[in-house]
Structure formats: structure tokens, C-alpha cells
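Peer 1: Below you'll find the structure I mean.
The values are calculated or read from the model by the stated rules, or taken from the named source; none is laboratory data. For clarity, every value in this text was computed on a predicted model and none was experimentally measured. Cβ sites come from the backbone with ideal geometry, for glycine too, and all protein chains shown count toward neighbours.
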Amino acid sequence: MTNGRERVAADAEARGIPVEFRERMRASSLEEAAAILGIDPGDIVKSLVVRRHDGSYLFALVPGDRQISWPKLRAVVGVNKLRLPEADLALEATGFERGTITPLGSTTPWPVYVDASIAGRRISMGAGEHGYSLFVQADDLVRGLEATLADISEPVSV
């Protein structure tokens, strides 16, 4: 079996999405990862695995300085119930551990919902393997994944 980064690279290539992998030391927080990469926390996009009531999943991609707005996401998806699954279920659904999750190379190609605020930006996200970050143009990612671009986030509440 290939490692996660190889799966991500192969899937990105097959979809025509140019990506760049950057090796980095492990970070203990999003802010630390941003500092290591020399970017703003909002340029790191969290790939969140979300479980539907029927047991299927979707990906919600949200900037690091924002969080999922559950009412907005439920409205876009057209369902009443969504939740974040336990780490073992996220791994089972995607083949990636938390902190490495990306829709690219997922063992199951779940639908992808991308927060509209990242449109037009170069972003960093999980690369399928600890110790690496993936850089990609958000517009290329949305196009290549046939993702739904919508307002699905809100500022992080303190």
C-alpha cells in the first residue's frame, strides 16, 4: 500500500490539480504550523470529515481562523443532522489520520464543501502524511474536486 502522500499526489495529478508538498516539523497547533510555514493561520485550510445521519460522510474545508457554521453547512447540504466523527471513524472513512486529512487521495471520494472565503487564494492543507503540508491554489482544488463552494464558516468564537 502506498503512503498517504503518494495517494494524495497521484489523485491530484489524475484530477489535473498542481500541488506542492513541503516538509515541516510537527506542530502542536494551527498557529504553530502557520509560523513554521511562514503563512497566516487563515491560509491553512482544515479538511474536516463530517458524518451524515445516514452514516455517509463529506469533507468541509474551512480556513484555520474560522470554524464550521453548522446551520450554514446543514442548509447547503440539505440535511438536519451532521456531526464530527470520532478519530477512528474519520480514519476509516478517509484512510488518513487527523492532522493529515485531505479530500485528495481519500480512500472514498466523499463530496467536498469548500468555504467561499478561500476562493482565489493559495492555501496549505493536510498532505496525507504527518510532517508535510500541501500547497495548492484553492480554485484549482475546487475545480478538480468538483467541490461545492459556499459560505459554510463563521469566525472562531472565543
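Peer 1: Would you mind stating whether R7 is at pLDDT 95 or above and more than 20 Å from G131 (Cβ to Cβ)?
Peer 2: Here the answer is no, as R7 does not meet what is asked.
Peer 1: Related question: Select the helices (runs of 4 or more DSSP H) contained entirely in region 1-94, then report the ones holding at least 1 residues which are among the hydroxyl-bearing types (S, T, Y) and under 17 Å from the mean Cα position of the chain (by Cα).
Peer 2: Values: elements: 4-15, 30-37, 70-77, 87-94.
Result: 87-94.
Peer 1: Return yes or no: is G64 closer than 26 Å to G38 by Cβ, small (G, A, S) and touching a Leu at 6+ places or on another chain (Cβ under 6 Å)? Walk me through it before giving the result.
Peer 2: Values: closer than 26 Å to G38 by Cβ: yes; small (G, A, S): yes; touching a Leu at 6+ places or on another chain (Cβ under 6 Å): yes.
The answer is yes for G64.
Peer 1: For region 106-123, how many residues meet the condition of being surrounded by fewer than 23 Cβ atoms within 10 Å (Cβ to Cβ) and under 27 Å from G38 (Cβ atoms)?
Peer 2: Final tally of qualifying residues: 8.
Peer 1: Just to be sure I understand the filter: pairs with C-beta atoms under 8 Å, separated by 6 or more residues or on different chains, first member in region 68-87 and farther than 14 Å from V112 by Cα, second member of a type in the set (S, T, Y). Which pairs pass?
Peer 2: S69/S153; K72/S153; P85/Y57
Peer 1: Also: Need the failing condition index for H130 against (1) more than 20 Å from A34 (Cα to Cα); (2) not in a helix (DSSP H, G or I), just the number.
Peer 2: (1)
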